[in-house]
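Below is one structure, written out as structure tokens; the observations come after it.
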Amino acid sequence: MARAPLLQLSDISLTFGGNPVFDGLGLVVQPGDRVALVGRNGSGKSTLMKVMAGLVEPDRGIRVVPPGVTVGYMEQDPDLSGFATLGDYAASGLPDDMGWRVAAVAEGLKFNPDTPISSASGGERRRAALAKLMAEAPELMLLDEPTNHLDIEAIEWLERELSQTRAAFVLISHDRAFLRALTKATLWIDRGEVRRRESGFDGFEEWREGVWAEEDEARHKLDRKIKAEAKWAVEGISARRKRNMGRVRALQDLRAERASQIRRQGTAAMVLEAAPSSGARVVEAKEISKAYGDKVLIKSLNLRVTRGDRVAFVGPNGVGKTTLLKILLGQIEPDSGTVKLGTNIETAVFDQTRAQLDPEASLWENLTGDPLMSVSGASDQVLVRGQPRHVVAYLKDFLFDDSQARAPVKSLSGGEKARLLLAKLMAKPANLLILDEPTNDLDVETLDLLQDILGEFDGTVLLVSHDRDFIDRIATQTVAMEPGGKATVYPGGWSDYAAQRPEAMAETAAKSGGSTPQSKPDVKKPDGLTFTEKKRLDALPGVMERLEAEIAKLAGFMEQPDLYEKEPVKFRKASEAMAERQQALAEAEEEWLALAEKDGA
């Protein structure tokens with residue numbers, strides 16, 4: 001006999017500020033469901049989850065949870081007031097003999113239950129809320145961005161736990177790898193309508209594009225019908241006025257139907273303009289070390305970053321990734337070793353703490369008050385890549401509407417704050433991007449666009465992220481940092497690093513019955529070259545051709561008779577430029593060969 005649903009919503013309607021969020025919405029969650037809840041930022045995902053949890057009362061409709069069924073909800077901003085420690089909060093509501101569950105989950109999520117609430121960070125509070133939910137073990141778990149503020153090790157632990165649970169869950173996340181690994185059904189919120197697909201997140205984009213294509217075709221047919229009926233109304237109604245008033249009313253109904261259709265939200269009009277090229281060497285670190293007291297963050301690290309590299313820094317929270325970025329940028333001095341920055345470096349920084357945004361000021365004030373964006377004598381304009389733009393028009397490029405321009409930044413969602421920070425970052429050209437956790441809170445569509453932009457960016461990227469899919473799509477090198485200061489540089493993205501880790505190589509050798517291999521195992525990514533690698537492979541022939549032309553030009557210049565005697569400074573500079581370009585050409589040729597071999601593998 002079929003089991004009753006764990007949760008059912010019927011004819012749900014909800015309005016905020018005069019704008020309908022949902023109208024006539026219905027959905028069912030069955031026992032054992034593993035559901036991805038996806039949609040654009042602002043589409044109502046978190047609101048719908050709160051309706052499912054019974055925390056938001058709809059204007060109309062009913063929520064049914066059968067007697068005895070427990071539903072647990074992980075809040076993004078939990079209220080921990082009244083508790084002394086994170087462990088006290090996580091264990092609240094549990095029987096005394098079940099406290100061990102909190103300790104077990106806390107170990108996997110890597111937070112200390114004894115941490116006082118007063119000193120706990122936002123990330124620790126979220127982990128405590130997740131620990132509370134998992135320790136309670138409800139029959140239905142509602143998880144709103146559970147991977148935010150988790151490092152990759154904790155994300156993989158959570159992934160294993162959820163893959164083994166017998167509970168049903170509904171999951172909001174921007175982490176593609178996490179969604180693909182766990183979900184078996186997809187709920188997609190689009191303009192107040194919820195569609196369900198009995199398949200996991202993998203393949204969601206193709207399904208979404210197919211739905212939109214059908215919608216566009218239906219709209220096109222409706223437009224043609226309206227056009228034909230309108231022509232008839234103008235040319236043929238006078239002789240048959242009484243007889244055909246019904247057809248006129250039908251035309252009015254068609255126009256009303258067309259007007260009622262909600263336009264899809266477009267993607268942000270993000271543009272990333274590269275500054276003039278930096279030197280071939282962007283950063284060179286030799287034997288750098290850094291410690292704070294007894295805690296060693298970096299120990300004898302050597303790292304060379306050349307123009308065009310995309311370097312990802314991965315490792316547990318607190319291991320020193322952000323500190324290393326600041327050392328490489330010259331913002332923090334290493335305890336030992338040297339760091340040299342290249343020439344003509346123009347830097348833009350995406351800060352994970354959003355410190356560049358004033359939460360009390362409006363979006364308008366955050367942009368016009370930035371010295372790098374202000375336009376002298378114009379309080380309603382900002383400087384965008386050297387050209388003045390009206391501040392509201394520029395905000396619309398990043399999907400903000402007129403009413404939000406004067407709203408305080410603190411009223412924005414996490415994804416909206418990320419988009420505003422991208423608006424500031426992209427207003428001025430740069431050739432070195434520092435991206436510290438850029439993917440947190442961004443929806444799938446904006447992540448897709450950001451990946452495309454970074455793939456085409458003619459500059460260098462240093463990236464800190466816990467999003468495995470994003471790293472795979474972007475990185476050409478991965479620096480794996482471990483507690484105790486060890487940092488190892490691996491070619492490629494996350495999948496390449498995971499395959500090359502000593503423990504992974506030892507496991508591969510054990511399965512094959514051989515010894516640990518000394519070279520990288522033959523691991524092929526499911527998708528072959530990443531998007532960035534494909535772009536780079538296509539671009540490299542042009543890069544090599546340009547370098548060869550510059551080398552030939554410099555050689556011709558240096559062949560001038562008596563140049564060394566008459567212009568020794570010019571001769572020296574030309575020699576240095578020649579050596580630099582010859583080195584860059586050799587590296588480009590080596591990179592092209594490696595990518596071409598990988599593409600043909």
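Read-outs throughout are calculated quantities, based only on the coordinates presented, and are distinct from any laboratory measurement. Please read these numbers as outputs of a predicted model, since none were measured by experiment. Every residue, glycine as well, gets a Cβ built from its backbone with ideal geometry; the counts of neighbours run over all protein chains shown.
Just a few scattered comments:
- Residue ranges 307-313, 333-339 sort as 307-313, 333-339 when ordered by packing (mean number of other C-beta atoms within 10 Å per residue, highest first).
- Difference of contour (0.36 nm per residue) and Cα-Cα distance, Glu161 to Leu372: 71.3 nm
- Maximal additional length on extending the Glu57-Asp23 stretch stands at 10.9 nm, based on 0.36 nm per residue less the C-alpha distance.
- Kirkwood hydrodynamic radius over Cα pairs of region 422-490, then Stokes diffusion coefficient at 25 °C and 0.890 mPa s, in µm²/s: 184
- In order along region 456-466, phi translates into HN-Hα couplings of 9, 5, 8, x, 10, 10, 10, 10, 10, 7, 10 Hz, rounded to whole numbers, per the Karplus curve 6.51 cos²θ - 1.76 cosθ + 1.60 with θ = phi - 60° and x for Gly and Pro.
- For region 531-600, the alpha carbon positions stretch 51, 16, 14 Å along the principal axes, listed from largest to smallest.
- Formal net charge of residues neighbouring Thr306 (Cβ-Cβ distance under 13 Å; K, R +1; D, E -1): +1
- Computed FRET value (nearest 0.05) for Gln30 with Asp97, which takes r as the C-beta separation and R₀ as 25 Å: 0.20
- Taking the square roots of 5 times each eigenvalue of the Cα gyration tensor of region 162-212, largest first, gives ellipsoid semi-axes of 20, 12, 10 Å.
- Taking a point 7 Å out from the Cα of Ala361 in the direction of its Cβ, the residues of region 425-465 whose backbone N falls within less than 15 Å of it are 425.
- Cα centroid separation, region 417-439 to region 179-204 (Å): 29
- Residue-count net charge about Ser374 - beta-carbon cut-off 14 Å; Lys, Arg +1, Asp, Glu -1: 0
- Here region 7-206 was treated as a single set of alpha-carbon atoms; its pair distances binned every 10 Å from 0 give 9, 35, 35, 19, 3 percent.
- Once the chain from Glu482 to Gln582 is taken as fully extended at 0.36 nm per residue, the excess over their C-alpha distance is 32.4 nm.
- Size-normalised alpha-carbon gyration radius of region 356-426, reference 2.2 N^0.38 Å: 0.98
- Remark on region 4-102: ratio of C-alpha radius of gyration to 2.2 N^0.38 Å is 1.29.
- Distance between the modelled labels on Asn112 and Glu548, one decimal in nanometres: 6.1 nm (7 Å Cα→Cβ projection).
- Amide H partners (placed H, <5 Å) of Val384, local residues excluded: Arg389
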